[in-house]
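One structure is given here, and the rest of the page talks about it.
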Amino acid sequence: MNILAPSILSADFWKLGEQIEEVQRAGAQYLHIDVMDGNFVPSVSYGSPVIRSLRKSTDFFFDVHLMVNHPETYIERMARCGADSINFHYEAAEDADSVIAQIRQTGKRVGITIKPETPVAVLEPYLDKVDMVLIMTVEPGKGGQKLIAGCLDKVTELRKMLDAKGLQVDIQVDGGITDDNVAMAIKAGANVIVAGSAVFLGDITENVTNLLKNM
Ligand code: DX5
Ligand code: ZN
């Protein structure tokens with residue numbers, strides 16, 4: 001089953017609760033939460049206090065995308081404040097194996113992410129240890145950018161690697177996904193789709209419905 005994960009980075013924070021309820025009602029299965037430290041990426045977004053506060057009012061699946069340096073210092077906190085899946089950047093980790101083990105220990109789902117310029121081959125040693133791989137389809141750091149089409153080739157390459165190993169790992173894409181290219185991402189081999197501006201700008205229910213229809 002393919003999963004839609006709206007990214008609240010593009011939500012209207014005045015209406016955050018309302019908008020989260022709306023995407024869930026419209027059929028989205030995950031909520032994508034981008035944690036940025038102003039260091040791994042230029043912007044600062046939100047962190048555990050916000051996630052903890054949202055967790056009080058919803059049982060929605062929280063898919064946390066850590067865009068932070070020293071991810072190992074965030075894992076415990078993310079698990080405690082309500083994350084269901086914790087995804088870290090390969091490029092930010094000194095020892096990816098130990099970050100994976102740390103997430104595993106919390107009982108949360110484990111994700112590893114690569115930026116557009118990082119080759120899929122670096123993931124090879126980790127594929128049998130993670131639940132999801134996120135292939136960034138834009139440079140991480142902000143919403144509303146255009147999808148880098150070449151990144152979808154990396155999705156296909158990764159799906160082939162996983163199939164060859166007989167591994168059932170989710171492939172997530174994040175960045176620049178729209179109604180017009182979501183089918184391409186699925187065809188390339190992705191099954192978890194992040195969309196920020198394509199969900200939250202305009203009519204949210206209509207946007208979610210259209211994306212789901214094309215997936
Ligand atoms: C970007 C974030 C994304 C972002 C996607 O670094 O990881 O999750 O919200 O936004 P869109 O879908 O607008 O490209
Ligand atoms: Zn993200």
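Worth pointing out:
- Selected residue (criterion: farthest from ligand 2 (Cβ to nearest atom)) from residues of the range 151-172 that are aliphatic (A, V, I, L, M) and open to solvent by 20 Å² or more (accessible area, probe 1.4 Å): A164
- Test: residue in the range 74-95 that is within 26 Å of N181 (Cα to Cα), in contact with a Lys or Arg (Cβ under 8 Å, 6 or more places away or on another chain) and touching a residue at least 40 places away in the same chain (Cβ under 8 Å): yes
- Selected residue (criterion: nearest to E157 (Cα to Cα)) from residues of the range 97-111 that are open to solvent by less than 10 Å² (accessible area, probe 1.4 Å) and either modelled with pLDDT under 95 or of a type in the set (A, V, I, L, M) (or both): V110
- Considering I135, I148, I114, the condition of being open to solvent by 60 Å² or more (accessible area, probe 1.4 Å), more than 18 Å from Q29 (Cβ to Cβ) and either without any contact (Cβ under 8 Å) to a residue 24 or more places away in the chain or within 16 Å of ligand 2 (Cβ to nearest atom) (or both) is satisfied by I148 alone.
- Among residues of the range 32-51 that are of a type in the set (F, W, Y), those with a Cβ under 7 angstrom from a residue that is open to solvent by less than 30 Å² (accessible area, probe 1.4 Å), sequence gap 6+ or separate chain, pair up as F40/M67; F40/V68; F40/H89; F40/A92; Y46/V35.
- Tally of residues being within 13 Å of D174 (Cβ to Cβ) and in contact with a Phe, Trp or Tyr (Cβ under 6 Å, 6 or more places away or on another chain) across the range 1-30: 4
The values are calculated or read from the model by the stated rules, or taken from the named source; none is laboratory data. Keep in mind it's a predicted model, so treat the numbers as computed, not measured. Don't worry about glycine lacking a Cβ; one is built from the backbone with ideal geometry, like all the others, and counts go over all protein chains shown. Heads up: the accessible areas ignore ligands, DNA and RNA and are worked out on the full protein's heavy atoms, side chains in. Shrake-Rupley method; radii C 1.70, N 1.55, O 1.52, S 1.80 Å.
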